[in-house]
Amino acid sequence: MRARYAVPLGITATAAAGIAYSAGIETRLFRLRRVTVPVLPPGMRPLRVLQVSDIHMVSGQRRKQRWLRSLAGLRPDFVINTGDNLSDPEGVPEVLDALGPLMAFPGVYVFGSNDYYGPKLRNPARYLLEKVQGRHGLNGNPPAVGVIHNPWEDLRDGFDAAGWVNLTNTRGSLKIDGYEIAFTGLDDPHIKRDRYERVAGGPDEAADFSLGVVHAPYIRSLDAFTADGYPLVLAGHTHGGQLCVPFYGALVTNCDLDTDRVKGLSTHQAGGHTSYLHVSAGCGASRYTPLRFACPPEATLLTLTERSEWT
């Protein structure tokens, strides 16, 4: 009798321990990654860029709020928020409070699908099924119905009031220590809100440096930015795979990006050009799947330095 039940009980206990760790411990192991990207024109001083992404704020997440506020101590030159700030229609005040110290610095932002719509309970196995079927978000799936609409306008107004630049299918710029940094942004490709034709044409020739910003790193968006000659593109959305296999990595990206580039710094090629791509694993998760395994929540401090010869 003992032999018959020992293995199943052992598997059950291991799974339960893994879930408890994923939900109760790793989701709170916030960390800062530091990355150096050689993309600036010769002669420019290094720029320190803080990227925050996929906060997925739920009311009452005090530890996350304290950690986000502490990031202001890094004193970045500017901040880039790559979307999915919300996972709770009531979370806007807490997002604005947590990001308040960072909004003292220049910044830009794009939104993700979870800024517009509340999350829905779904089987996590569907992400694997959609990967096999080549379906992601609204790209190939039926339109969403019965969704909760988040108060994204309040979030936008809060960011705008702080002076952060809205990059929703548009261009913008910041003056940093005498340099003009130009940005080209897209709305979220995951729900087919991206309109690259509105911003096409490549980097701003009058700026000292230009980069692209998008929430979800869909290949069509990366191809467009890269073919137009942007040296750097920043994105989020993937959660780094969220539930990863130790010593193997992510199983899904929740978009058509390959799992080898699910987080961190990589490159992308299109139209005879090569761009650096940085994908943030983000610092949150949906309120209905509040788990992370082998993929701690993060923000990234990118130091942009003079470019190497190949760029």
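For the pair the stretch 148-180 / the stretch 251-311, the C-alpha centres are spaced 22 Å from each other. FRET efficiency for the Tyr179 to Val145 pair, using the beta carbon distance and R₀ = 45 Å, is estimated at 0.45. Ranked by solvent-accessible area (1.4 Å probe, protein heavy atoms only, all chains present), the residues Met57, Met103 order from largest to smallest as Met103, Met57.
The stretch 19-62 and the stretch 104-147 have Cα centres spaced 20 Å apart.
Dividing the summed helix terms, -39500 (n - 2.57) for each DSSP H run of n ≥ 4, by the number of residues in the chain produces a 222 nm estimate of -7000 deg cm²/dmol to the nearest 500.
One chain, two ends: Asp160 and Arg220. Fully extended at 0.36 nm per residue, the span grows by 18.8 nm beyond their Cα-Cα distance.
FRET efficiency for the Thr274 to Arg66 pair, using the beta carbon distance and R₀ = 30 Å, is estimated at 0.15. Computed from point charges on the beta carbon alone (+1 for Lys and Arg, -1 for Asp and Glu), the dipole magnitude for the stretch 82-156 about its Cα centre is near 560 Debye. Converting phi to 3J(HN,Hα) with the Karplus coefficients 6.51, -1.76 and 1.60 and the offset θ = phi - 60°, the stretch 202-209 yields x, x, 6, 5, 7, 8, 6, 7 Hz in sequence order, with x at every glycine or proline.
Within a Cβ distance under 15 Å of Arg122, other residues only, what is the Lys/Arg minus Asp/Glu net charge? Around Arg122, the charge tally is +4.
State the label only: which of [x] 77, 41, 38; [y] 63, 38, 31; [z] 67, 53, 27 corresponds to Cα extents along the principal axes in Å computed from the shown model? Computing Cα extents along the principal axes in Å and matching it to [x] 77, 41, 38; [y] 63, 38, 31; [z] 67, 53, 27 gives [x].
Close amide H pairs (under 5 Å, H built 1.01 Å from N) link Leu243 with Phe293, residues at least 5 positions away or on another chain. Amide hydrogen proximity for Met57: with H placed 1.01 Å from N in the peptide plane, the residues at 5 or more positions away or on another chain lying under 5 Å are Leu86, Ser87. Relative to the first principal axis of the alpha-carbon coordinates of the chain, what is the inclination of helix 152-161, with its axis defined by its Cα atoms, in degrees from 0 to 90 and to the nearest 10? Long axis of 152-161 versus the principal axis of the chain: about 40 degrees. Karplus-derived 3J(HN,Hα) values for the stretch 102-118, using 6.51 cos²θ - 1.76 cosθ + 1.60 with θ = phi - 60°, are 6, 6, 6, 9, x, x, 9, 8, 10, 9, x, 4, 6, 6, 8, 10, x Hz; glycine and proline are entered as x. Considering only protein heavy atoms and a 1.4 Å probe, what is the carbon-and-sulfur percentage of the accessible area of the stretch 160-311? Accessible surface attributable to carbon and sulfur in the stretch 160-311 totals 48 percent. If R0 is taken as 35 Å, the Cβ-Cβ distance between Lys120 and Arg28 corresponds to a FRET efficiency of 0.90. Considering only beta bridges that DSSP places wholly inside the stretch 89-193, some 80 percent are antiparallel. Ordering His239, Thr303, Ser266 by the projection of their Cα atoms onto the charge dipole of the stretch 167-311, which places +1 on the Cβ of Lys and Arg and -1 on the Cβ of Asp and Glu, puts His239 at the extreme positive end.
Proximity of backbone amide H atoms, modeled 1.01 Å from N, is registered between Val39 and Thr305, Arg307 at under 5 Å, excluding neighbours fewer than 5 places apart on the same chain. Counting only heavy atoms of protein chains, what accessible area per residue, in Å², does the chain have with a probe of 1.4 Å? Heavy-atom accessible area per residue stands at 44 Å².
The values are calculated or read from the model by the stated rules, or taken from the named source; none is laboratory data. Here the structure is a predicted model, which is why all the values come from computation and not from measurement. Quick reminder, even Gly has a Cβ in these numbers, built from the backbone with ideal geometry, and neighbours come from all protein chains shown. These area figures cover heavy atoms from the full protein model, side chains too; ligands, DNA and RNA do not enter into them. Shrake-Rupley method; radii C 1.70, N 1.55, O 1.52, S 1.80 Å.
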